[in-house]
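A quick write-up on the structure given underneath.
The values are calculated or read from the model by the stated rules, or taken from the named source; none is laboratory data. Remember, it's a predicted structure, so these values are computed and weren't measured experimentally. Glycine also receives a Cβ, built like all others from the backbone with ideal geometry; neighbour counts cover every protein chain displayed.
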Amino acid sequence: MAVGTDLTSDVRRRTSDSLKIGIAGAGLLGRLLAWKLLRQGHRVSIFDRGSRAAELSAAKVAASMLAPYSEVVSAERCVFDWGRMALSWWPQELAALKELTGEHIDFAVEGSVVVAHELDKSSLNHFEQQLRSKVADCEHNIERIDQRRLADLEPELAERYRGGLFLAEEGYLDNGALLSALEMAISQLGGEWHEYSDVQYVEAGKIVLENQTYEFDWAIDSRGMGAKNQLPNLRGVRGEVLWIHAPEVNLRRPVRLMHPRYKLYISPRSGNRYVIGATEIESESMKPVTVRSSLELMSALYSVHSGFAEATLLHAYAHCRPAMPNNLPEIKCTKGVLVVNGLYRHGYLLSPYVVETALEMLE
Ligand SMILES: Cc1cc2nc3c(=O)[nH]c(=O)nc-3n(C[C@H](O)[C@H](O)[C@H](O)COP(=O)(O)OP(=O)(O)OC[C@H]3O[C@@H](n4cnc5c(N)ncnc54)[C@H](O)[C@@H]3O)c2cc1C
C-alpha cells in the first residue's frame, strides 16, 4: 500500500516539507511515533537491536492494562490525568490501524475488579481510601460492590469473594496484536526497518551504529532501557509475568488481588488466555523468571480461582521497566534530537500523552 492511496484518507502525501526522521528503538514508543510520523507524510527509518517481532522490548512482555485509577494510588496525580486521555486515544488509533492493515486488536474499557480475601480486607480498604483521596473529583467511577454485584460483573469470582471494588474506567489492550499491527503498518506506509541494528548512541540528526552513521533531519531516541548509556538517571524496575491458558476460567475484565506482600494482577486475552504479574523489583537484572516468583504468582493465582489449577503455562517473561528518578516520562527535544523515555509501569497508559506531546514538540 503506497502512501496517499484512499484506504487511509488521513495519510498525508510526502512533499518537499517531509522530514527525514530516524528512530532508535522499535518498542512501544518507537513504533507509535513511526506510525504517526509516517501518516503525517514524513520519511521514517526505524532501528532496533532485535527483530521486528519486538522480542527484546518491555512492550512485548507487558500486561498492557489501562488502569489510571489503580495506578494513581502509588503515582503522581498527572499519571491519572494523562492516563485517562489514553482511554479515548487508543480506540481511534486501533481503528486507523485496522483500516490500514485489516488486523483486529482486542481492546476493552469495561472496568476492572479489585478483590481481597477476607483476611486481607484491610489492604483493600487502605487501597480504596488512598484512591478516593487522590481522585476525589472522579469518585463516581469508584464503586464498592457486594457479592451480588460482583456476580453480575464476574460471576466466577463471586464464588470466592464477598465483594470488592469496581473501577469503571479501566481496561486493557492486546499488546502482542498491537505491536505486530504497528510493524505491518510501518512497512505498508513505506517505513524503512533496520533489524538487528545495535545503536551505539543518538545525537542531533544522527543515529550511530558500530560501523555506520545514518543522518537525518531529526533523530529520535526511544530505546527504553537501552538508552542508559546516554541517560545516566534511567533505572530498570524488573517485572515478571506468566502467560497462561486457562480453559476453565472465564474472566472478562482485568482483576487485581490485594495482598499485604504482593498485588497480583490478571489481564485477560482472547481464547481464555491471561497475563499474570505482580512483581516489581528494584533491579536491572534481565535473568529469566525465578522459581520463587513463579511459585508466589501461581499460588496467589490459584487462590483467586481454582480453575487456574488446570491452566497451562505458555510463557514466563522477565523485563525491566525504564524509569526516571521521579517515575514520570521524560520528553526532551533539542535541535535535531528528541528523547522519549521513562514510561515505567505505565507504557500503554501514558504513551498516548507522550507521543502527542513529542509530536507537538517536533512541529
Ligand atoms: C512485566 C511488565 C509489565 C508491564 N505491564 C504494563 C501494563 O499493564 N500497563 C502499562 O501501561 N505498561 C506496562 N508495562 C510498561 C511498558 O511495557 C513500558 O513502559 C513500555 O514498554 C516502555 O516503552 P519503550 O518504548 O520506552 O521501551 P521498550 O518497549 O522496551 O522498547 C525499547 C526498544 O528499544 C530497543 N533497543 C534498546 N536498546 C537498543 C539499542 N542500543 N539499539 C537499538 N535498539 C535498542 C529494544 O530492543 C526495544 O525494542 C509493563 C512492563 C513490564 C516489564
Exercise for the section: Just give me the residues in segment 92-129 being of a type in the set (A, V, I, L, M) and either more than 23 Å from residue 300 (Cβ to Cβ) or part of a helix (DSSP H, G or I) (or both), in sequence order. Expected result: 94, 95, 96, 97, 100, 105, 108, 109, 119, 124
Exercise for the section: Kindly indicate whether residue 34 is in contact (Cβ under 8 Å) with a residue 24 or more places away in the chain and within 9 Å of the ligand (Cβ to nearest atom). Expected result: no
Handout entry: Filter result for residue 278 (in the same structural domain as residue 44 (by TED's automatic domain parsing) and either out of contact with any helix residue (DSSP H, G or I) (no Cβ under 7 Å at 6 or more places or on another chain) or near the ligand (Cβ under 10 Å from one of its atoms) (or both))
Key = no
Problem - Matching option when the condition is away from the ligand (no atom under 16 Å from the Cβ) and of a type in the set (D, E, K, R), among 17, 48 - result: 17
Exercise for the section: Could you check how many residues of segment 222-244 are crowded, with 23+ Cβ neighbours inside 10 Å, near the ligand (Cβ under 10 Å from one of its atoms) and either over 18 Å from the mean Cα position of the chain (by Cα) or of a type in the set (S, T, N, Q) (or both)? Expected result: 1
Fill in the blank from the handout: Those residues of segment 295-308 that are out of contact with any strand residue (DSSP E or B) (no Cβ under 6 Å at 6 or more places or on another chain) and free of Cβ contacts under 8 Å to residues at least 60 places away in the same chain come to a total of 6
Practice task
Can you tell me which residue within segment 323-359, out of those that are farther than 20 Å from residue 87 by Cα and charged (D, E, K, R), is modelled with the lowest pLDDT?
Solution key: 335
Practice task
Give 156, 71, 118 a once-over and let me know the one that is farther than 16 Å from residue 256 by Cβ and either out of contact with any Pro (no Cβ under 9 Å at 6 or more places or on another chain) or within 13 Å of the ligand (Cβ to nearest atom) (or both).
Solution key: 118
Problem - Hey, residue 76 surrounded by fewer than 18 Cβ atoms within 10 Å (Cβ to Cβ) and near the ligand (Cβ under 10 Å from one of its atoms) or not - result: no
Exercise for the section: For segment 325-346, state whether one or more residues are buried (at least 17 other Cβ atoms within 10 Å of the Cβ), touching a Leu at 6+ places or on another chain (Cβ under 7 Å), part of a helix (DSSP H, G or I) and not aliphatic (A, V, I, L, M). Expected result: no
Practice task
Output yes when any residue across segment 236-243 is out of contact with any Ser or Thr (no Cβ under 6 Å at 6 or more places or on another chain) and assigned to a loop (DSSP other than H, G, I, E, B), and no when none is.
Solution key: no
Handout entry: Tally, over segment 86-113, of residues that are touching an Asp or Glu at 6+ places or on another chain (Cβ under 8 Å) and either of a type in the set (Ser, Thr, Tyr) or under 19 Å from residue 142 (Cα atoms) (or both)
Key = 5
Practice task
Six or more apart or on different chains, Cβ under 6 Å: which pairs go from a residue in segment 344-363 that's over 15 Å from residue 34 (Cβ atoms) and of a type outside the set (Asp, Glu) to one that's near the ligand (Cβ under 7 Å from one of its atoms) and part of a helix (DSSP H, G or I)? Could you list them?
Solution key: 347/28
